Amino acid sequence: KNPLYINWPIIGILPSLVLNFYRFHDYVNHLLSFSGHSFKVPIASMGSFVTCDPANVQHIFTSNHANYPKGEGFADIFNVTSGSLFTADGESCRRQRARYQSALSSPGFVAFTTKCCHDKVEKGLLPFFTRAARNRTLLDINDLIGRLVFDLYATSVFDVDPGLLSFDMPPVQLADAMDTVMEVGFFQIIVPAFCWKVMRSLNIGPERKLAAAQAVLRGFTMEMIETRRKIGTHIGPEEQAPASSSMDILSNFIDDLEYNTDDLLQATLITHMIAGRDTISTTLPWVFYNLAKNPHVVSRIRNELAPLVSRKETFIASTTMTFEPEEVKALVYLQATLMESLRLYPPIPIERKAVAASDVMPSGHEVCAQDIIIVSLYSMGRMEDLWGADCKEYKPERWLSKDGVMLRHVPSHKFLAFNSGPRLCLGKDIAITQMKTVVASVMWSFDMEVFGDQGIEPKLSCLLQMKNGLKLKVQKREM
Ligand code: HEM
């Protein structure tokens, strides 16, 4: 028996949790595989029930979801989004979801975000790759993608491009503030609430850092709201207004009477930034990491892209190529490469749920009112019974039908990266299209290699970000 995993009387797994905290997700994965995919934790701080069992997940997220809200504890942890969809349950969640869905699916918003993505990749991202290939300098893909996605989401929310993705590399204070919210949030999910609540009331430790980060985010969103109120939803007469005017998220909500307090409007805008920026900027570096390690997958992506390129009239091999989001939508192999990366590296590695009333899980475990449930998405993607003996390997083929021409359907309670049930991610299609645009455009023109042995590992955060970034050697592809 490994002493690191001993469940002691009274103190339970606390010593082993402390010793293994630095590699939290792998540690939990290990405990889950030893325990048959679910276990109860005698330390209330860590949640009393931890699972990655798809039957339990279906029960919690779909069949009996009303009994498993996010709960007040979640709203306390992410109080910078207080009242918004991110922390809402019940009727408020239903209303806000419907409102949000209509904003995200409006043709104007879709066209606006699609164009932003194409332009940012062409004029912002690819020039960095070209420069790094020419000068033989390393690219910190984590930093670069962080800047790209922050610009994209600030533009889609406020119609303002902060220009973080520019050669002079401006400071990323706002993006750092968003990362802090997720890092401190992780600490708050794991340690007993009374610990961090005392720290919060004294404004010390991580809570001090969190308060400063929240002030930065609130200050920025308030400035954006006030500027918009001054100039109105439409920037001048209709004919002078940019194509994007009234398409961004702020325009969608600013005149809505349900969002008539500054706090709720701010929280809603921050939620959108978190929903899109945090997830995509966490996912893409892992995708590039997997592709750099698997050149045969890159060749297959290029084979899938080749017919699109041959249809373009103006392709010059020595320049770069930016694909249109509409063009890449139907590419199944490219999509499989993203899904496979999300399986192994889900950007949201754990989900926290509260228990409203006592219940018995399909696995036979009992949960009581006030318990906390932690679902490990990270472990779900690494279960041998579900994904086979090669579950640790990166194999996009597992997502394809036998003839390789269609994507295989995998139910969301088995592949939870986009959540499941009535709270399924509302931006899934947008996210997939944007990520496909980025990956196709980069991989068509550039070869990449992971530089040296960087000891790639995840940060301790509610996001599965890379702890030390990812340095890539890039080369213009010979065509
Ligand atoms: C790789 C990309 C993405 C992944 C893996 C992802 C995953 C998720 C997950 C796991 C949740 C549930 C989170 C929770 O509340 O516990 C969620 C919710 C949500 N996502 Fe995404 N997401 C992605 C991109 C996006 C984008 C780009 C948007 C918006 C354009 C978006 C909009 C939302 C919204 C509005 C919710 C809240 C739904 C609700 O609480 O009922 N997501 N997403």
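Read-outs throughout are calculated quantities, based only on the coordinates presented, and are distinct from any laboratory measurement. From a predicted model like this one, the values you see are computed outputs, not experimental measurements. Here the Cβ is made from the backbone with ideal geometry for all residues, glycine too, and neighbour counts use every protein chain on show.
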Cross-chain or 6+ apart pairs with Cβ under 6 Å, segment 91-117 first and touching a residue at least 12 places away in the same chain (Cβ under 8 Å) and within 15 Å of residue 156 (Cβ to Cβ), then more than 12 Å from the ligand (Cβ to nearest atom) and not in a helix (DSSP H, G or I):
108/247; 109/247; 112/244; 112/247
When residue 459 is evaluated against the numbered criteria (1) without any contact (Cβ under 8 Å) to a residue 40 or more places away in the chain; (2) more than 10 Å from the ligand (Cβ to nearest atom), which criterion, by number, is the only one it fails?
(1)
Restricting segment 86-119 to residues that are in a helix (DSSP H, G or I), more than 10 Å from the ligand (Cβ to nearest atom) and small (Gly, Ala, Ser), which is surrounded by the most Cβ atoms within 10 Å (Cβ to Cβ)?
108
Being touching a residue at least 40 places away in the same chain (Cβ under 8 Å) and under 26 Å from residue 207 (Cβ atoms) is true for just one of 181, 172, 149, 160. Which residue is that?
181
Any hit, segment 339-352, residues being under 21 Å from residue 122 (Cβ atoms), part of a helix (DSSP H, G or I) and in contact (Cβ under 8 Å) with a residue 40 or more places away in the chain
no
The conditions are (1) touching a strand residue (DSSP E or B) at 6+ places or on another chain (Cβ under 6 Å); (2) in a loop (DSSP other than H, G, I, E, B), and residue 50 fails exactly one of them. Which is it?
(2)
Candidate set from segment 391-442 (those that are within 30 Å of residue 474 (Cα to Cα) and basic (Lys, Arg)); member that is nearest to the chain's Cα centre (by Cα)
428
Give me the pairs: first residue in segment 415-439 and on the phi > 0 side of the Ramachandran plot, second residue aromatic (Phe, Trp, Tyr) and in a helix (DSSP H, G or I), beta-carbon distance under 8 Å, and six or more apart or on different chains, which are they?
419/61; 421/61
Output the helices (runs of 4 or more DSSP H) that fall wholly within segment 122-232 and possess 1 or more residues being closer than 30 Å to residue 254 by Cα, or say none.
141-158, 173-190, 206-231
